[in-house]
Each structure stands twice: as C-alpha cells, then as structure tokens.
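The values are calculated or read from the model by the stated rules, or taken from the named source; none is laboratory data. As the structure is a prediction and not an experimental result, all values here were calculated from the model. For neighbour counting, all protein chains shown are included, and Cβ atoms are generated from backbone atoms with ideal geometry for every residue, glycine included.
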Amino acid sequence: MEAIWENMQSILTVIGYIIGGIVVIASISFVIFLGVKMAPILIDKNLKLSRVRTLFISGPILTIAGWPIFLVLIQVLFWMTNWIIGNSYLEHNTVTIVAGLFLSIAYFYIGGLAKVKKASVGMPEIFGARRVGFVLPEGYCHIPPRPFMSYTETPIELITTKLNEPMEVLVGKQISADPNQPQAGQVIPDNKLVSEVKMKVDASIAWQADPLNLLGYTSVQDGAKGVEKALVDIMRRVIREKAQGMSDSEFLKGQKDLEEALKAALEAPLNAEEEAKKASNGDWHNLIRRLGITVIKIQVTKIVPASEEMITRLERIRGEQLDQEAEKNQVRHLIDNLAGPLIKELNVSPEAGLRAALATTKDATMIIVDGAAGDFTKGQALAANSGNQRR
C-alpha cells in the first residue's frame, strides 16, 4: 500500500506540475491578449504611445493581471521543494501572496518602464521582431516587459546634408541636329550662350527620420551615413542633368528649377515596376519612402561661375541687359505719355507724333533736310549732328 501511495503521490505531483504549467501559460497568454486589446486606446493621433495612459492605466492593469502568474510559480516551487524534502513544509500564506504581488510589480511594471532619449523615438520589437504601426515617444512610458516586447532608440533630430564641396559642372545646352536651333558657340537672344561654361553649385537637403517609417530607415546600411550618401548622389545627378540642358544665364537664375528638380527626383518612383504600381494605385516606393525619411527643406545655396573671367563677362552682359531694358522703358514712356497725346491733339500720323515726342526730349534732336537736297547734303547734316552728340 505504501508503494501504491508513493506512486500516486508522484502522479499527483506530475499532474500538479502540468496544471501549474497550463495556468502559467494561460496567464501569460491572457496578459499578451490584454496588451494587444489595449494597444489601440494607448496610441494617440500621432501614432505614439500615450505616456499617461501607459504609466497609469495599462501598466497597473498588466501588473495585476500578471500577479497570478507569480502565485502559481511560487506554488510550483513549493510543491517541488516539499516533494524533494518529503514534507509539506512550505505552504501559501499572506507573506507569499504579498511576495507574488511585489514580484509582479518588479517584473511587469518596473521591468516594463521604457525611457527614450530626447529627440528620439523607440521602435517596438515584439518577441525580437521589428514592428510598425506605432512608436514610443521620448521620455517615460510603459510596455510589456521582455521577452514580450522591447524597443530600439532611433534619433529623429534634423540633419542637413550638403555636398562635400561646391560641385563644378559644365553648363551648356546640348548641340541640336535641327538646323533651325542654335549650335554650340552661337549667341542666341538675350545673350544666352550655349557654349559650355564651368559653374560652381552648392546645395543641401534638410531631413529627419520618419517616425512612421522606421522600418525603412533602420534597414538602410550605415544608418544616417547611408541616407546622406544616397542624398548626395541624387543631388549630384540632378545638378549634372540640369546643367546639360540649360544655358549659362538660365543656369545662374535656375535656383528654383534645381530645387524643384531635386524634389521631383526624390518623389519619383524608383523604377519601372514602382511606376506601374503607382499607375495602378498600388503600394509604391520612391527614394524618400525607401530611405524612411521626411524631407524638410531642399535648398540650392549657391550658383556662381567657376572663374573670375567668367564673372566679369557675366557682369558685362548683365549691365548690357539693364541698359537695353532702360531704353525699352524710355521708348515705352515716349509712346504712352508723349506720342499718344500729340497724335490725338495734332491729328498727325503715328510716325510724325513719335518724331515730335522725340524732339521734346533733351537727349534727342530733330534734323529736317529738304527733300530736294542731294545725298551729299543729307550726309553732311547727319554727320554734323553725330559729331555734336559725341561732343
């Protein structure tokens, strides 16, 4: 009988271990289920965990829900110890119940406290795998403890990526096979030269990691350095392509065009496959999304000629353009304010009205030559007036 009783005790002990294990697994599953169900109400409109709700609502609830786990673990430990020593020496009492509560507080609450550094967010990891959908804000908040959930910090401070040094490019429109188009070296209207001229360009892109796309950002090799390398490459490519299609004067005034071209390149689909996904309203990627960043500002800070000689030439051209504009404005003033009223008042032809308007200005002289005079006489009069103007 004693042997049978001992066997029954052994069987009951095994059954107790099995029941204890089932209770522990069920309790853990309940805690996980509770955390998943509570997650939507703990995330704010910016998809960040709410600090107040996690610290003062979900944290205490998870602690209380995890309390039975430690009570069961203590009971299993007591069963094992009593079985080994062969005596019911250890039993549950008020002390073990309070100890279970403190263990639950230590593991589920204190162990679940997360502190994220300033200017950073925490990317959640559930059972070691990265997850998207929400992030941990800077400062303290509460999450289920390891191994259920952990997090990795990702800085989100503003970073400005610049070219390593001002980029030198050859600016000039491509030579066209169309005979009606200007060829290299020819002067076209408004002094826009299509011959290649070396320019210096400096540009920068201000960006930060996208808190809602940390999966993409943390997948970039070398992190922020990898992102900066990709942005520098795209800036150099876009500047080079734009330089090949613009004249020197267009390029000097093309700051906005370059900034818009850079923005378009960053937002364009990465390849033909992504282009097809975009056309079909599918989930497509551009460079910004693939890098997991948010672009704050694109700025072309400098466009200057690469040599002093070119600077002097462009200043001369700019001065000539200003002179031409001033002459156009003067003629427009004469026509609108002087010639028009004279034509109406004297009832003369537009040509005669313009001549009369010119004669009223101090910078003009009207020369009347008798129509019967010979060419020699007309030439003398014009030459004499030209000499007077030079003096």
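Side notes on the structure shown:
- When residues of the stretch 233-248 are limited to those that are surrounded by fewer than 19 Cβ atoms within 10 Å (Cβ to Cβ) and in contact with a Lys or Arg (Cβ under 9 Å, 6 or more places away or on another chain), the one farthest from GLU165 (Cα to Cα): GLY245
- ILE311 being farther than 26 Å from ALA261 by Cα and either modelled with pLDDT under 75 or buried (at least 16 other Cβ atoms within 10 Å of the Cβ) (or both): no
- Within the stretch 127-152, the set of residues being hydrophobic (A, V, I, L, M, F, W, C) and touching a strand residue (DSSP E or B) at 6+ places or on another chain (Cβ under 9 Å) comprises PHE127, VAL132, PHE134, VAL135, LEU136, CYS141, ILE143, PHE148, MET149.
- Any hit, the stretch 269-288, residues being in contact with a Phe, Trp or Tyr (Cβ under 7 Å, 6 or more places away or on another chain) and in a loop (DSSP other than H, G, I, E, B): no
- Among the conditions (1) modelled with pLDDT of 80 or more; (2) over 59 Å from the mean Cα position of the chain (by Cα), the only one that SER58 does not satisfy is (2).
- Strands (runs of 3 or more DSSP E) completely within the stretch 85-185 that count 2 or more residues being under 30 Å from the mean Cα position of the chain (by Cα) and either within 30 Å of GLU250 (Cβ to Cβ) or at pLDDT below 85 (or both): 159-162, 167-171
- Within the stretch 103-112, the presence of a residue that is surrounded by fewer than 21 Cβ atoms within 10 Å (Cβ to Cβ) and closer than 20 Å to ASN46 by Cα is excluded.
- Boolean, LEU258 is without any contact (Cβ under 8 Å) to a residue 60 or more places away in the chain and touching a strand residue (DSSP E or B) at 6+ places or on another chain (Cβ under 6 Å): yes
- Only residues that are assigned to a helix (DSSP H, G or I), more than 15 Å from LEU287 (Cα to Cα) and not charged (D, E, K, R) were counted in the stretch 253-268, giving 2.
- In the stretch 217-238 there is at least one residue matching the filter, namely being under 17 Å from VAL171 (Cα atoms), not aliphatic (A, V, I, L, M) and not in a strand (DSSP E or B).
- Among all residues of the stretch 43-51, there is at least one that is assigned to a helix (DSSP H, G or I) and either more than 25 Å from SER150 (Cα to Cα) or modelled with pLDDT of 75 or more (or both).
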